[in-house]
Structure formats: C-alpha cells, structure tokens
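Engineer: The structure follows.
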Amino acid sequence: MTTRDDIAFLARRAVWGLAPGQLDVLEVAGTSAYIDALVAPAAAGIPVESSPWADVDFVDDPELGVEQGLETFERWTTHLSETQRPLENTVAWFWHDHFAVSVRVVQHLPTMINHLDLIRDHGLGDFRELVRSVSTDAAMLVFLDGTTSTGEAPNENYGREFLELYTLGLGNYTEDDVRAAAVALTGWVVRRRLDWEVQFIPRRHDPTPQSFLGEMVDDVDSVVDVACSHAACPGFIAGKLARFFLGSVSDAAVGEMARRFEASGLGLPVLVRDILEAGVAGETTPQVVAPVPWLIAAIKATGAVIEPRARIGLLRSMGQVPGSPPSVGGFPGVSTWLASSATAARFTAANMIAHVTPDSAVALTLAADGEWDGLADLLLRPQGFSMATLAALRDLSAGVSTRPGEAALALALASPDLLIA
Amino acid sequence: MSNKHLSRRTFLGAAGATAGVATAGGGVWAALVRESAEQSVLDGIGISSTTTTTTTHAGGTAMPYSDRVLVVLEMAGGNDAINTLVPASGLYQDARRDLELPAEQLITLRGTDYRMHPGLAPLADFWNAGSMAAVAGVGLPGQSRSHFKAMDAWWAGTAGTPSQTGWLGRWLDATLDGINDPLRAIALGGGSRALVGEHALATVVRNPTDFSLRTFPNMDADALIDAFLATAEPLATTTELAAAQEAIPATLEAVELLASVSGDGTQEAGFGAGARRGGESAADLLDTVAGIIDLGIGTRVMAVGVSGFDTHADQLTRHQDLLADVGSGLAAFFDRLAADGNLDNVMVVTTSEFGRRIQENGSLGTDHGTGGLQFLFGSGVNGGKVVGELDLANPVQGDLPVLLDTRSVYSVALDWLGGPTDEILDGPHDRLGLVA
C-alpha cells in the first residue's frame, strides 16, 4: 500500500471524506503525521471548535418543534462536513450510535443538544468519565427511564442497557447484577419544570449496599467504577470501536488494543490511535458505508450545497437520521444500508448532490471530461473504480445527451464502489 | 456565486414529475417482474408438480401450496402479554394497580378465561368465526430479557446460539427452485432478519411510502437508471462489493412492484415531536401487503415490522395506540383480502421478542419479561381458543413462565406454506392443535 492509499483509507474510515486537493497535501506530510493530527489536533495547532449549537437559542414552543428539530440536526451534518477536527466528531457519532439516545424519546431539543455536546466533549477523553457523565445526563435519564426509577420501584431499563450495551456486553453479568445496578442508580431526577435540570433526590434513592459484579455498590459512582474496572470492559469497548472503524478485527488484535486501553486507564485517545494504526497495518476488512458518512463524504468531495431540510430528508429515506437511532441498539447495520429502500434512496440522493454541485467544482469537470481515474481518486478510491462501474460510466457518458458531467457524477456517487470503504 | 441552491420544493416537484420513471422506463427489471408473474400463473393452474401437493382444507376446496402466503407481523419491543390478553384472575389486579384495564372495556373471548384489550376489538369477529387463535406463555428455550438476544433467537428460530440464517430464510433456501426471485419474500418496515437465507434472496423495504428512484426533469432518467443497473455486473470478487452490486437489480424490481401497488411514493413522513416511534403504521404496511398479494407475482412470505412495544413508561396510552393500530390494521387487511378474493390464501402470525414483567414498575410501565403471546389468523388456523396459559400464579423470577415453544407456532406457519418444516426448525414440534 502506498502512502496515498493509506491516507485515503484513513480519510474514508475515520474522517468521512476530504475536500479536493487535501489528499495531495496530506500525502506529502505522511501517514503518521496524519494520525497524529487526527488524534491530537491541539498539538498539531488545530484550534478547539465551538459546539455546532453554541449560538442556538430555542424558544420552547411546540409549534416550532419540527423546524427547530430539523435545524438542530442539519447543523450537525454541516459541522461534520466542515470541521477541522474530524476525528472527535466521528468518534462522537460512534457514541451516538453506542448510547443511542433518541430525540424522539427525549422530546426536548436543548436537553438532546446538551447530550450531543457531552458525547463530543468527552468522546475522546476518559471512558470512565464519559460513562459517569452519561449516567446522570438528563437526556439519558429520560431515554432509559432513570428519572422515574425510585428506591421503592426501581426501573431496570438503564441498569440493563448499561451492562449489556454500554460497558460489558452479554454474558458478563447476571440478572441480579441488573437489579443491583437499578437500585444503586435510583434517585436521579430530571426536573422538567426547572428547565430540565438534573437533581439527586435522596428520598428517591435506595442507599442499601448492593452486591454488583462481586463488589458492593450504593450509588452511581460506585456502579460506574465497578463496571469500568471489570475485566470485560476494555475488550468490549475496544472491540466495538475497532469494528466501527475497521470492519472485522481479529480477536488477537482486539486483545492487544484492550490491554493497552486498560493500561492507559481507559484513555480513548490511546485506543483510537491503536485502532487507526492497526487499520493502516492491514487489520481491516471492507466496510459497507452508512448513509451519514456517505453523504458527508459526497458533500466534501463535490462542494454540493443542499438545502438543509432536503439533506435530512435524504438521510431519512436512506435509513439513518441524526438524533434518532431507531432503537437502544443504535443505528441498524449492513442489512439496512444494502436494503432496497436505502439503495433507491442513494440513487436519488446522488442525483440531487450532482445537481447542486457548483459548475466550477473539480468533481464536475473530471466527470464531464471522462477523467475516471481522477474522479475515483477525488472520491478517495485511488485504485480506481471497479470494472463494472467504469464500464457503466463510459457507456453513460457516451450515450447521454443532456448534462453528461452531472449524469456521470451522479452515477459515480450512486455506484456500489462508494458504498464500500 | 456559482453555487446552485436547490429548494426542497423544486426537488419534490421534480420528483413528482418523474416518479413514474421506474414504471415508464420498462427496463430489464420490468421484464423480470413479468417473468415471475407468469411463473406464478403457471403454478396456479397446477401444470407443474403443484397438483400433487395440494391439500383439502376446512372449506373443502383444494388450494395449491403455491397460492398460499404467510404474513409475519413483528411487534418489536416486547409486547405486554398480560394487558393484551387479560387473564380473569385477582392476581392481575394485584400486579397491575395502575395499569389495570377497566373490565367494562375489555372484549370477551367466548369459551376462555381471558378477555382482550379494547384496541383489538375489530378482531373479535375473527375470534368468533374460529379463524383467530392465541398462543400464551410462549418463548424459546433460554428465553432472554435482552431485546437483541431475544430478537436474534426469535428471528433464527433456533434453540441455543442463534443461527446466522432466519427461520423463513431457511424455508426460502429449502424451496429455492430455478430462478432466485427476490420478490418471493418481502419485508416491509422491519422484521427482515427472519428472511435471511444462505442462498435465497429477499427484498427489504424499510419505508414503502418513500420508495422510488428520482432524477431531475432535465436529465436522461432511463439512461441513468440503466447505467445504475450496469454497475451491478460483472460481480466483484469482494463479498461486500458484490452484495452492494446485487442490491441494485433487486431494488429496481421492488420499486417497480411497489409503485404498481401503492402509488407514486412521494409522501413525506413526519419528523420530530409527535411522529410515531419506529416509522409506519401497521395499517399502512398491511395495506401494501394486501396489494402485493393481489398482484399474484409469487410472493410467498412477507414480514411486516412495527415497533414501540417497549413500554417501560406511560404504557396505558402508548399500548392503546399500538394495539389499536394493529387491531384495526389487521381487520382492514382482512377486509381487503376478502374483497380481492384472497382471504383464504393468507395466514398471519404475530411475533414479539418477549412478554413483559408481571408486576408493573412504578413508572406506569412494565420492564422486560420472558413468557410472551402470539396470535394466528386465517382459514388454515383452528382458532377461537387460547393455547397455553398466561400463568400469573407460578411466576419465574417475576415473569410469566415460558410453557410453549414458538417453534410450534412457526411449524404451523411453515406447514401452511407446504414445508419442509421439521428439518428447518429442528423438530418435530407439537402443532398444538392449531391446524384447521
């Protein structure tokens, strides 16, 4: 693999695309400099970015709910396509998929935005702190019913998903552990009438020490500590994050990542760096690209200007709406991205993107001139298009009478090649 | 400024103008659809071996297996069995102090100790006619309280470690004969994992009301769609890329099919507050299913998924809405089947990955449980009865005991399709007297 291939790989998997010309610049600096800049942007002189929602001031008006909701999630897609710190944003997306908090359940945009800021601020920090913060985050307390759970009637929803989905995975805990966690986590309440402030109400909490994963716990701090210190935690998180970026990963590789992740005190930058380096070293399989990364990469490569509402509409029809994972298991996977509905929607979206790509865009020039290798390289496939797609592009541009550049660009974006990273 | 700024209205207008692209285009996929339609016509008049595989069912008419359709309605999230089929027991009132359904609203089920949730009232006629049955206290060996583990097991239809294939996918594999037609099995809205086979293809449409290929009016739509189809061949050697390629012709066929059943597909779903959790209603999805059945293109299995049954909080209202959608949706579906002359060809089976805890949880909801509930509908069902029991008196860790294996229900369903059944479900499993 050449440096160009390696950088294109990192840009597809961890950055979700590059603007024209960036691949050349990064190739000169080299692969390890790129990984450094991704994992530690501050050291590379890339300034801290403010929240995509820093200047949002929503009026609490149900009539405006839909408009404001669209604006909220459109801002996120804009930020993803414009950020100079892409990794902290793709990792935040991973946590959005991991915790899977949905605005449809939370039903309060400022609270949802706080949650999204939280997973972005802590997403590349310390895993224990991230989980501790999420456990008493207003959005999560509403999402998995912590706010209605009391010592007298503990609600197990958060306790169960905390163990199964967020920290350890199935097979590493018992039903008794679920109950113990539920009891120890009681007492945290979202006060909707006080601007959705989170409060700890001692009389709703059951302080009786509970046996949990072989230790005694009586509050949220001890539950988070015990779970994060459990032997299964580093491997569970390392495996899931590695698969997010790399596809299938060998048990041996995950084991090594987990060991270093644990030794670092569950430091996520260590883990993410190991994952990216493993990927460059060949520990990776082809991945089916989800709709959000597909769309962000297409926008970056073409400079297309899509009206905000339409952008969310396209994502919805492809089956992945920011802010709305369909279940607590997160966004669906490969079978949904390959489903007929997503395939049809991808064709439509590709046509739309090509249509609103500026006439001056490199992508459109390359497509109009039949520079297929150049177009593939711009779309971060430096090895060129597949045989089938190449033949289809040639036939289309030879046979189509109207707007051949736009048609070829649409086809390239819709092609199966772009669905595989 | 050279940037073109596209307004949503322009785009939707364009979409409206070209929504007929797939139907008017008449490409290769249309020929494929016609081919499969002709195939099923031949099957229907019994030219092939179908004459030897007919049975005589309750009505006395011989119905070839090839005319029979199975619809599996997945109620995802874990439907609360006890508030759906309410046991006549004081233990019910004890467990459900806040969630108890008022007795006067419940639907009496003749000859049983149960009454039904008012949302299912439109189905009472089917019960009384003996074409609706309930299976109570049902699950799989080692039934899990985890959504994901339980769903995996229910889709797989295997005990122990779930297989990579689904129970319906294995049936599609076993009956694969000649052309691998992806329209033989269609999932709408969800439940598609049960259709995963090793070889057989299936069509998966998450959102049928927004399913079309759109181009702009000034573009050569036919050329673009033909070129899109051309990217599918030759198949790449990489598995993932090949899968992305194979999805394209299957999609074009399915677009064609659904366009002919349900109009132009430009309808927009709601967003944000007030929108249904999990997408389209059972009523809408089932209406599309009825349309596909009436096309008679050889679709044998349809999975329909509706979600939102994970009622940890505010259960009374939510469950009412969900069951009313299912109840009225199914009743309308059967009405349409009857009007089209297809009613006797269809069996419907409901699934849900688990039942909920017997005791309510203090948040006006219920937590994950184990023992669950299924319904079966159709002329092939020996109905009007509850098989099994929602046994409140003998809870296991606070849950309804799992007394019956859902592979029994699956067996009835696969028998309806003509099997083979036992090898697919690691049987034989007791048919529980549910076959008419």
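Engineer: Considering only the stretch B:217-232, state which residues are surrounded by fewer than 24 Cβ atoms within 10 Å (Cβ to Cβ) and part of a loop (DSSP other than H, G, I, E, B).
Structural biologist: Once the filter is applied, which keeps residues that are surrounded by fewer than 24 Cβ atoms within 10 Å (Cβ to Cβ) and part of a loop (DSSP other than H, G, I, E, B), the stretch B:217-232 yields B:217, B:218, B:219, B:220, B:232.
Engineer: Inside the stretch A:109-135, can you point out the residues that are touching a His at 6+ places or on another chain (Cβ under 7 Å) and free of Cβ contacts under 8 Å to residues at least 40 places away in the same chain?
Structural biologist: Residues satisfying the conditions are A:119, A:129, A:133.
Engineer: Report yes if some residue within the stretch A:215-237 is loosely packed, with under 15 Cβ neighbours inside 10 Å, touching a residue at least 24 places away in the same chain (Cβ under 8 Å) and not acidic (Asp, Glu); otherwise report no. Lay out the reasoning, then the answer.
Structural biologist: As a first pass, look at the stretch A:215-237 and keep what is loosely packed, with under 15 Cβ neighbours inside 10 Å: A:216, A:221, A:229, A:231.
Then drop every residue that is not touching a residue at least 24 places away in the same chain (Cβ under 8 Å), which leaves A:221.
Then drop every residue that is not not acidic (Asp, Glu), which leaves none.
Scanning the stretch A:215-237 turns up no residue that is loosely packed, with under 15 Cβ neighbours inside 10 Å, touching a residue at least 24 places away in the same chain (Cβ under 8 Å) and not acidic (Asp, Glu).
Engineer: Filter the stretch B:100-143 down to the residues that are part of a helix (DSSP H, G or I) and either more than 25 Å from the chain's Cα centre (by Cα) or within 14 Å of chain A (Cβ to nearest Cβ) (or both) and list them by number.
Structural biologist: Result: B:103, B:104, B:105.
Engineer: In the stretch A:186-214, how many are under 12 Å from residue A:136 (Cα atoms) and either within 14 Å of chain B (Cβ to nearest Cβ) or crowded, with 22+ Cβ neighbours inside 10 Å (or both)?
Structural biologist: 5
Engineer: Checking residue B:242 against (1) more than 7 Å from chain A (Cβ to nearest Cβ); (2) open to solvent by less than 10 Å² (accessible area, probe 1.4 Å); (3) free of Cβ contacts under 8 Å to residues at least 12 places away in the same chain, which test does it fail?
Structural biologist: (2)
Engineer: If you don't mind, there's one more thing I want to ask. Can you tell me which residue among B:235, B:213, B:257, B:252 is part of a loop (DSSP other than H, G, I, E, B) and either within 25 Å of residue B:306 (Cα to Cα) or at the interface with another protein chain (Cβ under 7 Å from one of its Cβ atoms) (or both)?
Structural biologist: B:213
Engineer: Return yes or no: is residue B:202 of a type outside the set (Asp, Glu), open to solvent by less than 20 Å² (accessible area, probe 1.4 Å) and in contact with a Ser or Thr (Cβ under 8 Å, 6 or more places away or on another chain)?
Structural biologist: no
Engineer: From the residues in the stretch B:144-195 that are β-branched (Val, Ile, Thr) and more than 21 Å from residue B:286 (Cα to Cα), which one is nearest to the chain's Cα centre (by Cα)?
Structural biologist: Here the residue is B:165.
Engineer: Here's a follow-up. Need a quick list: helices (runs of 4 or more DSSP H) entirely within the stretch A:319-421 having at least 2 residues that are within 11 Å of chain B (Cβ to nearest Cβ).
Structural biologist: Working: elements: A:334-337, A:340-355, A:362-368, A:372-378, A:387-399, A:404-414, A:416-419.
Filter on the stretch A:319-421 gives A:334-337, A:340-355, A:387-399, A:404-414, A:416-419.
Engineer: Same structure again: Which one of these does residue A:316 not meet: (1) open to solvent by 30 Å² or more (accessible area, probe 1.4 Å); (2) modelled with pLDDT of 95 or more; (3) not in a loop (DSSP other than H, G, I, E, B)?
Structural biologist: The single condition residue A:316 does not satisfy is (2).
Engineer: Now, a different point. (1) in contact with a helix residue (DSSP H, G or I) (Cβ under 6 Å, 6 or more places away or on another chain); (2) not in a loop (DSSP other than H, G, I, E, B): which one isn't true of residue A:124, the others all being true?
Structural biologist: Looking at each condition in turn, residue A:124 falls short on (2).
Engineer: Something else: Being assigned to a loop (DSSP other than H, G, I, E, B) and open to solvent by less than 20 Å² (accessible area, probe 1.4 Å) is the filter here, so list the residues in the stretch B:185-196 that pass it. Talk me through it step by step, then tell me what you get.
Structural biologist: Keep residues of the stretch B:185-196 that are assigned to a loop (DSSP other than H, G, I, E, B), which gives B:189-191, B:196.
Selection gives B:190, B:191.
Engineer: Moving on. Out of all the residues in the stretch A:325-344, which are surrounded by fewer than 22 Cβ atoms within 10 Å (Cβ to Cβ) and polar (S, T, N, Q)?
Structural biologist: A:327, A:335, A:336
The rows are residues; the columns are (1) closer than 24 Å to residue A:307 by Cβ; (2) open to solvent by 30 Å² or more (accessible area, probe 1.4 Å); (3) of a type in the set (S, T, N, Q); (4) in contact with a strand residue (DSSP E or B) (Cβ under 7 Å, 6 or more places away or on another chain).
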position: A:346; (1), (2), (3), (4): yes, no, no, no
position: A:350; (1), (2), (3), (4): yes, no, no, no
position: A:356; (1), (2), (3), (4): yes, no, no, yes
position: A:361; (1), (2), (3), (4): yes, no, no, no
position: A:366; (1), (2), (3), (4): no, yes, no, no
position: A:369; (1), (2), (3), (4): no, yes, no, no
position: A:375; (1), (2), (3), (4): no, no, no, no
position: A:383; (1), (2), (3), (4): no, yes, yes, no
position: A:387; (1), (2), (3), (4): no, yes, no, no
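Every residue, every condition in (1) touching a helix residue (DSSP H, G or I) at 6+ places or on another chain (Cβ under 7 Å); (2) over 22 Å from residue A:283 (Cα atoms); (3) of a type in the set (Val, Ile, Thr), yes or no:
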{"residue": "A:4", "(1), (2), (3)": "yes, no, no"}
{"residue": "A:10", "(1), (2), (3)": "yes, no, no"}
{"residue": "A:14", "(1), (2), (3)": "yes, no, no"}
{"residue": "A:27", "(1), (2), (3)": "yes, no, no"}
{"residue": "A:44", "(1), (2), (3)": "yes, yes, no"}
{"residue": "A:49", "(1), (2), (3)": "no, yes, no"}
{"residue": "A:68", "(1), (2), (3)": "yes, yes, no"}
{"residue": "A:73", "(1), (2), (3)": "yes, yes, no"}
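Engineer: In the list B:266, B:288, which residue meets the criterion of being over 22 Å from residue B:75 (Cα atoms) and either open to solvent by less than 60 Å² (accessible area, probe 1.4 Å) or at pLDDT below 80 (or both)?
Structural biologist: B:266 is the lone residue from the list that is over 22 Å from residue B:75 (Cα atoms) and either open to solvent by less than 60 Å² (accessible area, probe 1.4 Å) or at pLDDT below 80 (or both).
Engineer: In this structure, does residue A:47 turn out to be away from every other protein chain (no Cβ under 14 Å) and either β-branched (Val, Ile, Thr) or open to solvent by 30 Å² or more (accessible area, probe 1.4 Å) (or both)?
Structural biologist: Yes; evaluated as a whole, the condition is true for this residue.
Engineer: Of the residues A:58, A:9, A:99, A:94, which is aromatic (Phe, Trp, Tyr), open to solvent by 10 Å² or more (accessible area, probe 1.4 Å) and closer than 30 Å to residue B:313 by Cα?
Structural biologist: Of A:58, A:9, A:99, A:94, the one residue that is aromatic (Phe, Trp, Tyr), open to solvent by 10 Å² or more (accessible area, probe 1.4 Å) and closer than 30 Å to residue B:313 by Cα is A:58.
Engineer: For the stretch B:144-157, enumerate the residues that are surrounded by fewer than 24 Cβ atoms within 10 Å (Cβ to Cβ) and outside any helix (DSSP H, G or I).
Structural biologist: B:144, B:145, B:146
Engineer: Same structure again: When the residues of the stretch A:289-313 are narrowed to those that are surrounded by fewer than 22 Cβ atoms within 10 Å (Cβ to Cβ) and at pLDDT below 95, which ends up nearest to residue A:36 (Cα to Cα)?
Structural biologist: The extreme case among them is A:305.
Engineer: Are any residues in the stretch A:277-312 away from chain B (no Cβ under 14 Å) and part of a helix (DSSP H, G or I), and if so, which ones? Give the derivation first.
Structural biologist: Narrowing the stretch A:277-312 to residues away from chain B (no Cβ under 14 Å): A:277-283, A:292-293, A:295-298, A:300-301.
Once the filter is applied, which keeps residues that are away from chain B (no Cβ under 14 Å) and part of a helix (DSSP H, G or I), the stretch A:277-312 yields A:277, A:278, A:279, A:280, A:292, A:293, A:295, A:296, A:297, A:298, A:300, A:301.
The values are calculated or read from the model by the stated rules, or taken from the named source; none is laboratory data. Source: prediction; values computed, not measured. For neighbour counting, all protein chains shown are included, and Cβ atoms are generated from backbone atoms with ideal geometry for every residue, glycine included. With ligands, DNA and RNA removed, areas are computed over all heavy atoms of the protein, side chains included. Shrake-Rupley method; radii C 1.70, N 1.55, O 1.52, S 1.80 Å.
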